[in-house]
Every structure is written in C-alpha cells, then in structure tokens.
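The values are calculated or read from the model by the stated rules, or taken from the named source; none is laboratory data. This one's a predicted model, so the numbers in the text were calculated from it and none came from an experiment. Every residue, glycine as well, gets a Cβ built from its backbone with ideal geometry; the counts of neighbours run over all protein chains shown. The area values use the complete protein model at the heavy-atom level, side chains included, leaving out ligands, DNA and RNA. Shrake-Rupley method; radii C 1.70, N 1.55, O 1.52, S 1.80 Å.
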Amino acid sequence: MDQNSLIWYNGNIINWDDAKIHVMSHVLHYGSGVFEGIKCYKTSTGRAIFRLEDHVERLIQSGELYGMNIPYTSLELIEACKEIVSLSETDDSYIRPIAFYGYDTLGVNPKNCPINVAIGTFYWGAYIGDGALEKGVQTTISPWKKFSVNSMPSIAKGSGHYLNSMLAVIDAKKRGFDEAILMNEDDFISEGSGQNIFIIRNGEIYTNDENSSILLGITRASLIKISTDLDIKIHIQNLSLDDLNNADEAFFCGTASEVTPICSVDDKKIGNGLPGKLTIKLQSIYMDIVRGANKTYNNWLTMI
Ligand SMILES: Cc1ncc(COP(=O)(O)O)c(C=O)c1O
C-alpha cells in the first residue's frame, strides 16, 4: 500500500503506524464496520474529490442500516476527508473512511462498543489490474451466490459483506479470470466482487438495482445521469445470464474500477471480445469528468 504517512482517527491526525485497534475489537470478529471508497483526482486547477458528499451520505446511511450512529456529522466527515487529502502529496488518491465497533464486548450485540472512525488515503492504481481499463477484462460467473437482501442490506457498504466478494474473487483468480460476476439467489445477475454491471444492446443501456442485491454505486448513478444526458435509453431491470451473454457490450463500474470493459464471460466473448464503442465513450466522458475536464459536471467535484 502506497500510503500517506498520516491518518485521521476519531477526530485527530495521527501517524499511519499509530492507527491501531485491539485484537478483541468487535469489528475484527464480526465484520461490524461500514466504509467508503472515494477517489481524488488531479485536475488542471488542483486536486478534486469525486462526489464526496454522496459518499459521506452513503457511509452514514450504511451505518444507520446497521443501527450504528456514526458520531460525526456529514459536514465533519466531509471536512475530515478534505483535511487528510490536503495533508498528502499524492496527485491521485483513494480515500477510505471506515466506521466500526471497537473494543468493549465480544457479545454479537455491539451495545457498549465504541464507534471509531478512521480515514486513510493512499495511491491505488488500476483496481482490476494493469491494462484493464484499456483492454478490458475476462470474467467468470462465480459458483458463490451474492448474499440475499433478506440476509443483509446490500445497499449498505458493510465490511462483513466483503467475505462474499472475497470468496468470489479468489475463486475467479484461481481459475485464471480477472474478476467474478455473482448471480443472486433468484439467478439474476447481481454484480462484480466490487463493481456494478452495465450491459449495452442495440445502443440502449441496461443495469439492475437494489432488487438484484447490489450496492447502489455512485459511479453507477453517475453513468445513469451521463447516459440520460446523452439521450441514451436506460433500462433498470433484472438481468439474466442470457442478457449478458447476448449483449453487444458490457462493463463494470465503480470508484476503484472506474469504467472497465468486460470482454468475456467464462470464455464466451461479449460482442467481438474487445472493449465496446459506447463503453469507451462513457469511459472517456467519465474520466474527463473526474479530472475536471468536463465543466457540465463540475458540481460533482470538491476541490482541495
Ligand atoms: C460490491 C460493490 N458494488 C458496487 C460498487 C461500486 O460502487 P461505487 O460506484 O459507489 O464505488 C462497489 C464499490 O465499492 C462495490 O464494492
């Protein structure tokens, strides 16, 4: 990890190496944390954090969905993210706020456990791997199903949720693929291990929603808005494996993955097996926006 030397921890700026927790902390045993992944990009007028307010809102909402009242206001968390980024010199950085139950009891009910909040920032290159954005990725349908919304709220970004993602991505890598696609319990497509999925057919865009057990990605919402502004028809619906296999184009999207073309699913090519035209166009518009080169969407940027 190419980390910054400092970290925001419960309201203080401390050295990265001093940001520790007790091994008997509730979060370590039960995954009782909620977190965010946010990106800051270099623009021609300085560094800008993409959709910071929306990420902070989702963090607070994720906490609420687990009955965790994060002891900072959204304004305080926004300022904290800006502060920790301003203390780093990295041009492009990933910001990772996490709120978690700390050390008090190991009863599953976290009742008296303190709620700690930390925000770290570090450099994170292409999430799925070098060249993924340009060349696209080879995916596989995971033998692991996405957890049901009746078991855990998929719209919360809960730490424990990622055990499901971890199983899927470890299995995919072991079998030589770049990334996994998880089906939900109804056998519709859910999402990648850390990305939402879009499909393109006949120039129209299809994606699913929380009914398919997905995290409602902020990149997903951004691309829906961008596509709507481009007068591209968008369908929000359940997606079957046939829909994906018969798509002209498909892509993953997420803060870390940005817009990553999907070239194949279990060795079956999507379209001609190369990044699709509309995918490349959306990727280029998205990258322009996050880098401040598309003024129409400058309200999504928080300058440092
Ligand atoms: C499971 C999952 N789905 C979707 C996303 C995309 O969300 P966002 O665009 O808000 O980063 C992520 C990213 O963190 C994720 O982990």
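When the convex hull of the C-alpha atoms of the chain is computed, what volume per residue in Å³ does it have?
Spread over its residues, the Cα hull of the chain gives 128 Å³ apiece.
Three principal axis extents, largest first, for the C-alpha atoms of the range 133-262, in Å?
38, 31, 27
Less than 20 Å from a label point 7 Å out along the Cα-to-Cβ axis of Asn211: which backbone N atoms in the range 224-238 qualify, by residue?
Zone members listed by number: 224-225, 233-238.
Given 0.36 nm per residue, what is the gain on full extension from Asn238 to Asn109 after removing their alpha carbon distance, in nm?
43.0 nm
So what is Rg over Rh here for the range 119-163, counting just Cα atoms and using Kirkwood for Rh?
Looking at the range 119-163, the ratio lands at 1.07.
Given charges of +1 on the Cβ of Lys and Arg and -1 on the Cβ of Asp and Glu, with all other atoms neutral, how large is the dipole of the chain about its Cα centre, in debye to the nearest 20?
That gives the chain a dipole magnitude of about 180 debye.
Give the angle, between 0 and 90 degrees and rounded to the nearest 10, that separates the Cα long axis of helix 162-174 from the longest principal axis of the Cα atoms of the chain.
Relative to the chain, helix 162-174 is tipped by roughly 50 degrees.
Not counting ligands, DNA or RNA, and with a 1.4 Å probe, what is Arg96's accessible surface area in Å² rounded to the nearest 10?
Here the residue's solvent-accessible area equals roughly 70 Å².
Specify whether the C-alpha gyration tensor of the range 203-245 places it in the rounded, prolate or oblate class, a ≥ b ≥ c being the square roots of the eigenvalues: rounded for a/c under 1.5, otherwise prolate if a/b is larger than b/c and oblate if not.
It is oblate, given that a/c is not under 1.5 and a/b is not larger than b/c.
Work out the FRET efficiency for Ser74 and Lys20 from their Cβ-Cβ distance, taking R0 = 45 Å, and round it to the nearest 0.05.
Once the sixth-power term is evaluated, E becomes 0.95.
Go ahead and estimate [θ] at 222 nm for the chain from helices alone: -39,500 (n - 2.57) per DSSP H run with n ≥ 4, summed, over the residue count, rounded to 500.
Using -39500 (n - 2.57) per qualifying helix, the result is -7500 deg cm²/dmol.
Which value does Rg/Rh take for the range 189-304 over its C-alpha atoms, Rh per Kirkwood?
Working: Rg = 13.8 Å, Rh = 14.4 Å.
Answer for the range 189-304: 0.96.
Please report, in debye to the nearest 20, how large the charge dipole of the range 183-304 is about its Cα centre when each Lys and Arg carries +1 at its beta carbon and each Asp and Glu carries -1 there.
680
When a/c reaches 1.5 or more, the comparison of a/b and b/c decides; with that in mind, is the range 125-200 rounded, prolate or oblate per its Cα gyration tensor?
Working: a/c = 1.68, a/b = 1.63, b/c = 1.03.
The shape class here is prolate.
How tilted is helix 218-229 with respect to the longest principal axis of the chain? Cα atoms for both, answer in degrees (0 to 90, nearest 10).
Computed tilt is about 40 degrees.
Divide the volume of the convex hull of the Cα atoms of the range 51-180 by its number of residues and quote the answer in cubic angstrom per residue.
So the per-residue hull volume is 149 Å³.
Once you have a ≥ b ≥ c as the square roots of the Cα gyration tensor eigenvalues for the range 66-113, tell me rounded if a/c is under 1.5, and otherwise prolate or oblate according to whether a/b is larger than b/c.
prolate
Net charge around Ser159, counting only other residues with Cβ within less than 12 Å of its Cβ (Lys, Arg = +1; Asp, Glu = -1)?
+1
Share of the range 23-122's accessible area from carbon and sulfur, percent, 1.4 Å?
The value for the range 23-122 is 51 percent carbon and sulfur by accessible area.
With every protein chain kept in place and ligands, DNA and RNA left out, what is the accessible area per residue of the chain? Probe 1.4 Å, answer in Å². Spell out each step's value before the answer.
Numbers: 13740 Å² over 304 residues.
Per residue, the chain has an accessible area of 45 Å².
Hey, if we sort Lys281, Lys111 by accessible area with the 1.4 Å probe, largest down, what's the order?
Details: Lys281 105, Lys111 145 Å².
Output order, biggest surface exposure first: Lys111, Lys281.
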